[in-house]
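Please read the structure below before turning to the comments.
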Amino acid sequence: MTDPTSSQPTGQRTPPSAPADTAPLPHTRLLAEPGEETGPRLDDAGSAAANGDHVGPATGHGGTVRYGVGTGSLSHADRLRFIGSATRRIARGNDLDEIVLGLCRATVQTFADAILVYLQDPLPVGDEAPPDRVVLRLRRIDRLPEGVVRIREESGGVVEEPVLSSWSGANPRLELDPTGPLGEVLRAVRPVFAESPTARAALRELTGNIGLPEGDHALIAPLRGRRRVIGVTVLLRGAHRDAFEHDDLQVAQQLATHAALGVDKAVLYGREASIADELQRTMLPDTLPPSPGVKLTRRYAAAAQSARVGGDWYDAIPLPRSRVALVVGDVMGHSTTSAAIMGQLRTTVQTLAGLDLPPQEVLHHLEDQAQRLGSDRMATCLYAVYDPVERTITAANAGHPPPVLLLPDGTTELIDLPPNAPIGVGGVDFESVEDIPAPPGSTLVLYTDGLVESRTRDVMEGVAFLREKLTEIARMTRPGAAAPLEPMCDEILDIVGPGDRDDDIALLVVRLEGIDQENVAALRMPPAPESVRDARRLVRESLRRWKLEDLLDSAELLVSEVVTNAVRYAERPVTLRLLRSGSLRCEVGDDVPLLPRPRRAGPDEEGGRGLFLVEELARTWGATRLGTGKLVWFEMDLPPGATVPAVEGVEAASAPGTGAGTED
């Protein structure tokens with residue numbers, strides 16, 4: 001937030017700095033804007049419309065800023081105008097600092113020469129029980145600057161006087177004693193003059209035993225929110241200004257009430273925003289799972305402070321046959337409810353992906369789930385499936401911005417999908433597009449509309465800007481190499497200016513490396529015992545061709561165990577597929593829908609140890625139901641120094657032995 005003290009009206013000299021003992025504490029500042037309107041609106045002559053008292057900066061000479069503030073009291077009409085102006089200013093604030101600032105700016109100069117605002121630390125939220133120990137912290141202190149003088153007219157001419165006496169001092173933090181003077185003043189919940197012994201003692205608690213200089217005037221106003229007192233404010237006037245009157249207590253009461261209710265609002269709003277933000281980030285995946293033939297990275301950027309978080313999400317879900325589902329979606333709205341709905345829809349998509357349904361069927365079921373959540377639950381979603389062996393994409397869209405494909409030659413193209421209607425509209429027949437070519441080395445960019453749409457441009461203008469940015473990134477990358485994904489994400493987010501971010505942004509960037517046919521070995525076998533021998537032969541031949549002899553014994557043993565279990569119960573042919581990418585992946589498919597579960601075999605049992613071996617020797621394994629049965633797979637890390645298959649047009653690398661598939 002810019003400090004207004006850095007800007008002074010033309011022709012005026014910056015008032016001298018305050019002494020060290022009045023220097024602003026953390027979260028405080030000294031008021032130094034003599035030209036700023038803080039009370040009743042001034043007419044062109046600089047006089048208040050009601051009583052002619054000059055409350056703005058007067059023309060000075062000798063470089064000194066002068067104020068003309070009449071010593072007469074405000075009339076009833078003036079007080080009403082002042083309260084209306086001040087409460088509007090306080091109400092404009094959305095967060096705690098803005099509300100406290102509004103109270104100080106509205107009060108200093110017109111109603112008081114200085115103000116101290118103390119708030120409970122931490123501030124109570126809603127109906128939570130009050131703490132056993134109440135601590136008050138000084139949130140802000142504003143005053144007219146030292147060196148500013150006030151002018152007033154007398155019969156003998158113009159008299160200049162200091163704005164405020166040498167008052168200084170404020171206790172930055174104090175623990176409230178409920179039985180002490182300050183506790184007694186706060187329990188009364190009414191503004192009081194600092195004249196009675198109790199009020200003067202309370203003031204000394206707040207000012208660190210400095211008290212009030214002789215001749216100055218003070219008023220203490222408790223800040224009571226909806227349920228309890230949450231702080232206190234001290235209003236001060238110098239000795240050359242009239243003392244506070246009885247009617248000023250009503251003004252102080254109005255100021256304190258509106259400020260306290262604004263603080264309550266800000267605390268509740270901040271808590272809801274914090275919960276929504278935490279809920280949003282908790283429901284997004286911490287990491288993206290590695291998948292053969294792809295590299296993944298992602299970004300989530302919250303909206304501007306005014307919009308808060310919404311329901312944007314991304315996901316990458318491994319599918320049977322080494323494919324991966326790429327998902328990006330956006331729940332309409334910005335609230336805790338939107339974040340909660342996002343979590344339910346994301347969970348639904350993960351469940352549907354596990355059933356290996358086509359993209360259009362996933363969106364149909366997602367539509368049904370949205371209808372069950374409520375008639376006003378709407379979202380956009382794009383669901384794409386990438387097959388690294390076939391090097392194709394199958395995708396369906398539900399009202400979402402189209403994905404952009406950056407090709408290896410640096411050109412870009414939009415993946416043309418039927419836009420369809422958003423999730424939640426009802427009665428929509430979703431369509432998908434199959435076998436979209438995805439050349440090896442291409443980069444797929446999926447995003448939500450916050451990246452491309454703003455107050456200054458529509459979606460398609462933003463998409464065109466995104467394509468230009470991707471082309472620029474490709475042009476800056478040296479030939480024969482692919483642009484690193486992490487810097488690419490940062491560059492993509494830079495297309496949104498700080499003032500243009502009205503919505504959340506979910507970004508998923510996928511390098512489609514593919515798996516070359518030379519790195520795939522497949523076999524279709526009858527459900528007979530001799531098929532196990534054929535499976536072992538395929539493993540030996542393939543691993544020797546790929547120079548992975550170090551994995552030969554372990555891979556042959558694990559494939560034997562899994563294939564033996566498949567041919568024992570299958571009635572149709574069993575399939576075996578080996579894939580070499582960042583790891584060695586083995587997939588065995590059969591027509592038996594029952595998924596295997598590891599179990600501990602007894603000492604006298606001959607079987608039941610196959611999956612135990614898989615768990616011990618493989619880096620990871622799993623089993624997934626297919627439409628006609630199941631697929632059991634496992635992955636093994638490549639030995640250190642083994643060559644990772646190169647993507648066409650991209651340099652090869654040595655395997656680190658970790659099965660890398662993401663850039664997180």
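Take each of the peptides 108-115, 572-579, average the number of other beta-carbon atoms within 10 Å over its residues, and list them starting from the highest.
My ranking of the peptides, most packed first, is 108-115, 572-579.
Using packing as a proxy for protection, rank 395-405, 90-100, 542-552 so that the peptide with the highest average count of other Cβ atoms within 10 Å comes first.
395-405, 90-100, 542-552
Beta carbons within 10 angstrom, averaged per residue: use that to sort the peptides 215-222, 181-188, 381-388, highest first. Please report the intermediate quantities before stating the final value.
On the way: 215-222: 22.6, 181-188: 18.5, 381-388: 25.5.
Highest to lowest by the protection proxy: 381-388, 215-222, 181-188.
State the Cα centre-to-centre distance between segment 506-570 and segment 357-384 in whole Å.
Segment 506-570 and segment 357-384 have Cα centres separated by 36 Å.
Amide H of residue 513 versus every other amide H placed in the peptide plane: which residues, excluding those fewer than 5 positions away on the same chain, fall under 5 Å?
The answer is 294, 295, 441.
Probe of 1.4 angstrom, ligands and nucleic acids ignored: what's the accessible area per residue over segment 366-491, in square angstrom?
Per residue, segment 366-491 has an accessible area of 43 Å².
Of all the accessible heavy-atom surface of segment 424-556, with the other protein chains kept in place and a 1.4 Å probe, what percent is carbon and sulfur?
48 percent
Step through the residues of segment 264-272 one at a time and calculate ³J(HN,Hα) from phi using the Karplus curve (6.51 cos²θ - 1.76 cosθ + 1.60, θ = phi - 60°), rounding each to whole Hz and writing x for Gly and Pro.
Values per residue, Gly and Pro as x: 4, 4, 5, 5, 5, 5, x, 5, 5 Hz.
First check a/c for segment 476-531, with a ≥ b ≥ c the square roots of the eigenvalues of its C-alpha gyration tensor; if it is under 1.5, answer rounded, and if not, answer prolate when a/b is larger than b/c or oblate otherwise.
On the way: a/c = 8.04, a/b = 2.42, b/c = 3.31.
Since a/c reaches 1.5 but b/c is at least a/b, the shape of segment 476-531 is classed as oblate.
Mind checking the per residue accessible area of segment 177-309 for me, 1.4 Å probe, whole number of Å²? Numbers along the way, then the final one.
Values: 5890 Å² over 133 residues.
With all protein chains present, segment 177-309 gives 44 Å² per residue.
So how far, in whole Å, is the C-alpha centre of segment 425-465 from the one of segment 310-328?
15 Å
The values are calculated or read from the model by the stated rules, or taken from the named source; none is laboratory data. Computed from a predicted structure; not experimentally measured. Counting neighbours? That spans all protein chains shown, and the Cβs are built from the backbone with ideal geometry, glycine included. In case anyone asks, the SASA skips ligands and DNA or RNA and just uses the protein heavy atoms, side chains included. Shrake-Rupley method; radii C 1.70, N 1.55, O 1.52, S 1.80 Å.
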